[in-house]
Every structure is written in C-alpha cells, then in structure tokens.
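K.L.:
Starting off with a structure, shown below.
None of the figures in this text is laboratory data; all of them are computed from the coordinates on show. What you see is a predicted model; the values in this text were computed from it and never measured. All Cβ positions, even for glycine, are placed from backbone atoms using ideal geometry, and neighbour counts span all protein chains on display.
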Amino acid sequence: MKKDKLSWARLVSEAEAKQLPLIDYLLERSAAQVETDKDAVLKKTESMLQVMEEAVAYGMTGVKSNSGLTGGSAKKLKEYITAAADKRSQDLLGPVAGTAVMYALAAAEANAAMGRIVAAPTAGASGILPGILLSLKENCGVPRKKLVEALLVAGVIGEVIANRASIAGATGGCQAECGSGAAMAAGAVVYVFGGNGKQIGDAVSIVFKNMLGLVCDPVAGLVEVPCIKRNAGSVMQCLLAAELALAGVGSFIPADEAIDAMDKVGRSLPGGLRETAEGGLAVTPTAKAWTENYFKKIHG
Amino acid sequence: MIGPSSSHTAGACRLGLLAAGILGERPRKAEILLHGSFAHTYKGHGTDRALIAGLMGWQPDDARIPDALRLAEEAGMEFSFTPGDLGSMAHPNSVQFRLTGAKGNACEIIGASIGGGQIMVTNVDGYPVELRGVLPALFVPHRDEPGVIALVSTILAQKMINIASMRVFREGKGETATMVIECDQPVPADVIRHLEELGPVKLVRFVDKVS
C-alpha cells in the first residue's frame with residue numbers, strides 16, 4: 001500500500017471525526033508526536049513567539065548586515081510613517097498591513113545581521129510570521145494566547161508543506177520559502193479571526209496561487225537581496241489570501257493540491273533559480289559588480 | 001536559531017554538533033574543507049562561525065555564534081577553512097571535517113546541509129553512512145558475516161531499545177560492513193560495551209541526536 005502523505009484536508013476531517021475543535025486536535029497531535037503534554041507544546045510555541053518579538057525589536061533598531069549590503073529599512077519606514085503629515089498619502093498600506101510589512105522587514109534584517117530568529121519555515125522567510133502576528137497584536141488587540149495558538153496552526157501547515165513538498169529554496173525556489181511562510185501566516189490569520197479548517201486551507205491555497213513560480217535568486221548567495229523585501233511582499237500576499245478566505249470566497253484548488261503544484265513547479269525550476277545565485281536578480285550587472293567586489297574584499 | 005540562513009548557518013551549526021558527536025569529544029583541532037556553495041558564500045552566511053560553534057557544542061540558537069571564531073580560539077581550538085572540491089556527486093552545501101580531540105581521537109567526516117536546517121552525514125572515516133542527527137544513533141563497523149545484525153539487534157531488544165531505522169553498508173562480501181542504527185532511546189554505556197565485545201564488531205560509536 002502506498003504511504004499517504006500528510007494532508008491538511010485529512011487533519012481537518014480527523015478533527016471533525018473526533019469531534020474536537022481543530023486547535024485542540026492539532027495540539028493533541030503535536031504533543032503526541034514529541035511525547036510530551038499540551039502545556040509543554042504551548043510553552044515551547046510561546047517561547048518562539050518571544051524570540052520573534054525580540055528579533056523584531058532588534059531589527060527596529062536599524063541593524064546592518066555583516067556584508068553591509070542591507071539593513072535599516074524597517075527603521076526608515078517607521079520614521080517615514082511617524083513623521084507623515086498626511087496619513088492618507090503616507091500610510092498607503094493602512095495600519096495592519098503597514099505594521100506587518102515594517103515588522104517583517106525588521107525580523108528579516110535582524111536575521112541578515114546574525115540576530116536570533118525563528119526559522120518560519122526557514123531563516124530566509126523568517127520575517128513574515130513575526131510581522132503578521134505582532135501587527136495583529138498591536139492593531140487588533142489579539143491576546144497572546146490566541147497568537148500562540150495561531151503560531152501552532154502555522155507550524156502544522158509548515159509541516160504539511162515540508163512533508164508534501166519542500167521548504168528549501170535550493171529545492172523549490174523562493175515559493176518554497178517565502179511562499180510557505182506566507183501560507184503558514186495566512187492560515188494563522190484565518191485562525192485568529194475564527195475561520196474554520198477549510199477556510200485555513202483556502203488561504204494556504206490562495207497564497208500559493210499568487211506566489212507560484214517565485215524564484216530564489218539571492219545576490220552573492222546572501223540572504224539579503226531580494227530576500228528581505230520578499231518577506232515584506234509575502235506579508236501582503238498573506239493578508240490578501242486571509243481576507244478572501246475569511247470572506248468565504250474559497251479556493252477552487254484545495255490546499256494539498258496547491259502545495260503539490262508548488263512542489264512540481266519547484267522541481268522544474270532550472271538550478272540557476274534555486275538559491276545558487278546563478279540566475280535572476282543575482283546575475284544583473286549591478287549584482288555582479290557588487291558580488292565581485294565583495295568576494296575580493298572577504299577572500300582577499 | 002541565529003541567522004542569516006537555515007542551510008548555511010543553522011544547518012552548519014548542526015553539522016558541527018553532529019561531527020563533534022561522532023568524534024565523541026570536543027575537537028582540539030579542526031581542518032575544515034568547504035565545497036560548492038559553502039565554499040563560495042561561507043563568510044557572508046557565517047557558515048564558518050556556525051560550524052565552529054557546533055564543534056564547540058553550542059546549539060543553533062546560541063547568541064555566541066557570531067563570535068564563535070574568536071571564542072573557540074580563546075578556548076584553545078585550532079581550526080582552518082579551505083575552499084575545496086569533494087567531487088561532482090557531493091551536495092552543493094558540503095563540508096569535510098578532519099577532527100582531532102584532546103584525548104587523541106581522530107575522525108574524518110563528510111556531511112551536507114540539505115535544506116531547511118536539515119543535515120546528512122554521508123561518510124565517516126571512509127565508510128559510507130547516512131546520519132541525520134534527528135535520533136540517537138549507533139555507528140557499528142563490523143566484519144561482514146551471517147548473524148552479526150541479529151546479535152546486535154537482539155542485544156538492543158533485550159534492553160528495550162527500539163530501532164527506528166537501520167542501514168547496512170558493505171564494502172564487499174566478507175569485508176567491512178557498517179551498520180547505522182537510529183534508535184528511539186539513547187543507548188547506555190553498558191550496552192555499548194556489550195556490543196563492542198562481539199567478535200565481528202570492530203568499533204561502536206554512539207552518536208546522540210542534535211537539536
């Protein structure tokens with residue numbers, strides 16, 4: 001008999017069969033997997049949220065990366081929005097998305113500066129979930145307990161993606177990293193606002209619809225350009241998908257199938273567009289000139 | 001974890017941890033050869049610092065990682081990094097460790113960071129293996145003859161140690177074969193001694209999981 005892959009649809013129906021709220025079932029399952037109790041799982045998840053908060057705070061100080069290529073954009077955005085005389089034209093994204101983008105940049109910049117972060121699901125995509133969760137906390141007054149549960153939901157979505165496809169840019173391109181991060185975060189948002197398991201799946205699917213094919217093309221192979229802004233862009237895809245799913249718009253392609261499609265697209269990407277820095281933005285004249293200079297500097 | 005890269009920083013740290021685990025002690029000397037993407041981008045990703053941090057026994061979220069080179073040197077570790085070539089079959093994020101411990105143990109280990117922080121050690125002292133560091137494991141080179149696998153698995157069974165996975169690699173019929181056994185439980189020292197006493201068994205290394 002062929003082994004079944006982990007499936008979001010199956011997890012949702014298993015929870016229904018057990019007549020458990022989805023979050024209780026996922027929590028029970030996570031605890032059983034690592035042979036611990038539910039409290040320990042929640043505590044561990046909360047410690048991840050804490051690391052996310054610290055990463056954002058560190059990024060907001062305006063840190064620069066080791067290479068000197070990036071840093072300080074979250075701080076710059078904050079100063080711009082705070083100083084804005086005309087809120088309508090200078091806070092184009094609005095508070096929820098604007099804060100989420102700012103914090104996503106901050107966490108991604110903390111990552112580039114060798115700060116402590118939570119891989120979500122990878123370091124390259126470590127800005128999206130903190131950006132979203134902390135913006136919900138600040139702008140929507142979502143209690144910490146709910147955020148911890150949402151992070152757990154995101155983690156299970158990531159597990160499904162890693163099981164059916166891949167979360168590594170070297171295997172599946174940026175869609176597998178930032179795409180997965182946005183899908184996980186979208187599921188978390190839908191959960192926070194009371195969406196059911198199907199709606200969470202819809203949000204996951206909508207994210208992949210809009211991010212399918214995104215390549216991994218880091219300048220000089222560093223997790224900086226374009227990764228940091230891709231985290232910010234992914235926040236927007238996440239919020240879009242969550243809002244549609246919560247509105248009941250739904251997705252024609254189920255989450256599991258969208259994840260499988262992402263996997264197939266990833267594997268058909270040429271090697272140069274899978275984290276090797278041999279394609280895309282990494283081989284533009286500006287990137288090549290900077291890279292040559294940088295390698296001369298560090299390798300002597 | 002400490003940034004900036006799951007594969008080039010966290011994965012590298014885990015490779016260092018696993019390599020030190022295979023050596024069985026903290027290395028005093030480490031000659032490290034970097035292959036492919038590791039060779040090209042190791043400085044920008046802090047791969048060098050993360051590998052050394054792992055060899056020092058530090059976890060991927062240890063805030064000392066950015067300072068690992070200086071701190072390891074101060075702790076008396078000698079190390080070197082050389083970009084090199086481990087062949088066309090090697091994973092792009094591959095590393096070779098030549099390690100010597102304070103007690104004189106020496107070991108040559110090849111491994112790769114295969115994405116999302118996951119790792120795979122593929123060669124220990126010339127023996128092909130597959131070690132992922134997710135479960136406690138036994139590495140048992142032995143003489144290839146009937147019954148050795150049964151003996152080893154029986155001893156583990158008697159101690160209620162469950163085998164999660166098992167692979168056997170063989171150089172040739174009747175020559176050296178290597179068992180790599182991943183277990184659900186850590187293997188106590190008395191069980192390891194018992195295994196070492198088996199005639200066909202050449203060596204038993206216990207390698208604990210890495211976080």
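K.L.:
Roughly what angle does helix A:285-299 make with the longest principal axis of chain A, taking Cα atoms, 0 to 90 degrees, to the nearest 10?
P.N.:
In chain A, helix A:285-299 runs at an angle near 80 degrees to the longest axis.
K.L.:
Pairs A:Lys76/A:Lys137; A:Lys44/A:Lys75; A:Lys137/A:Lys297; B:Lys29/B:Lys159; A:Lys18/A:Lys43; A:Lys2/A:Lys198: which exceed 32 Å Cα-Cα?
P.N.:
Numbers: A:Lys76/A:Lys137 22 Å; A:Lys44/A:Lys75 29 Å; A:Lys137/A:Lys297 43 Å; B:Lys29/B:Lys159 36 Å; A:Lys18/A:Lys43 25 Å; A:Lys2/A:Lys198 26 Å.
As for pairs spanning more than 32 Å Cα to Cα, those are A:Lys137/A:Lys297; B:Lys29/B:Lys159.
K.L.:
To one decimal place, what Kirkwood hydrodynamic radius in Å is obtained for region B:137-207 from all pairs of distinct Cα atoms?
P.N.:
Details: mean 1/r = 0.0835 Å⁻¹.
Evaluated on region B:137-207, it is 12.0 Å.
K.L.:
Report, to the nearest 10°, how far helix B:11-23 tilts away from the longest principal axis of the Cα atoms in chain B, using its own Cα long axis and a range of 0 to 90°.
P.N.:
Here the helix axis deviates by roughly 40 degrees.
K.L.:
Let me ask something else. Using alpha carbon coordinates only, what is the Rg to Rh ratio of region B:6-125, with Rh defined as the Kirkwood radius?
P.N.:
Taking Rh as the inverse mean 1/r over Cα pairs, Rg/Rh reads 0.92.
K.L.:
Run the reach check for A:Lys5 against lysines, Cα to Cα strictly under 16 Å, same-chain hits fewer than 8 apart removed. What comes back?
P.N.:
Within reach: A:Lys264.
K.L.:
Can you give the percent of C-alpha pairs in chain A whose distance is more than 30 Å? Please list the in-between numbers first.
P.N.:
Working: 13612 of 44850 pairs.
Percent of Cα pairs beyond 30 Å in chain A: 30.
K.L.:
Here's something else I'd like to know. Relative to the longest principal Cα axis of chain A, at what angle does helix A:94-112 sit, 0 to 90 degrees, rounded to 10?
P.N.:
In chain A, helix A:94-112 runs at an angle near 70 degrees to the longest axis.
K.L.:
Given the -39500 (n - 2.57) contribution per DSSP H run of 4+ residues, what per-residue ellipticity at 222 nm results for chain A, rounded to the nearest 500 deg cm²/dmol? Before the final figure, lay out each step's value.
P.N.:
On the way: 14 runs with 194 residues, N = 300.
For chain A, the value works out to -21000 deg cm²/dmol.
K.L.:
Between A:Tyr80 and A:Lys44, what FRET efficiency follows from the Cβ-Cβ distance if R0 is 45 Å, with the result rounded to 0.05?
P.N.:
Numbers: r = 37 Å, r/R0 = 0.82.
After rounding, the FRET efficiency stands at 0.75.
K.L.:
Give, in whole angstrom and from largest to smallest, the semi-axes √(5λ) of the equivalent ellipsoid of region A:95-169, with λ running over the eigenvalues of the Cα gyration tensor.
P.N.:
Working: eigenvalues 86, 59, 18 Å².
Working through the eigenvalues yields semi-axes of 21, 17, 10 Å.
K.L.:
Loop sites only, by DSSP: take the GluC sites (Glu not before Pro) in chain A that have at most 14 other C-beta atoms within 10 Å and name the longest stretch containing none of them. It would help to have the intermediate numbers written out before the result.
P.N.:
On the way: sites that count: A:Glu35, A:Glu278.
Result, exposed sites excluded: A:36-277.
K.L.:
Take A:Met262, A:Met60 and order them by how many other Cβ atoms sit within 10 Å, fewest up front.
P.N.:
Details: A:Met262 28, A:Met60 19.
Placing the least packed residue first, the sequence is A:Met60, A:Met262.
K.L.:
Let me ask something additional. Rg and Dmax of the protein assembly as shown, Cα atoms, in Å?
P.N.:
Calculated on Cα positions, Rg and Dmax stand at 23.7, 83 Å.
K.L.:
Obtain the nm distance between the two label points defined at B:Thr82 and B:Lys202 by a simple spin-label model: each point lies 7 Å from its Cα along the Cα-to-C-beta direction.
P.N.:
2.5
K.L.:
Expected output is a single nm value to one decimal: the length gained when fully extending between A:Asp91 and A:Met236, i.e. 0.36 nm times separation in residues minus the C-alpha distance. What is it? The partial results should precede the final answer.
P.N.:
Values: separation 145, 0.36 × 145 = 52.20 nm, distance 1.44 nm.
50.8 nm is the gain from fully extending A:Asp91 to A:Met236.
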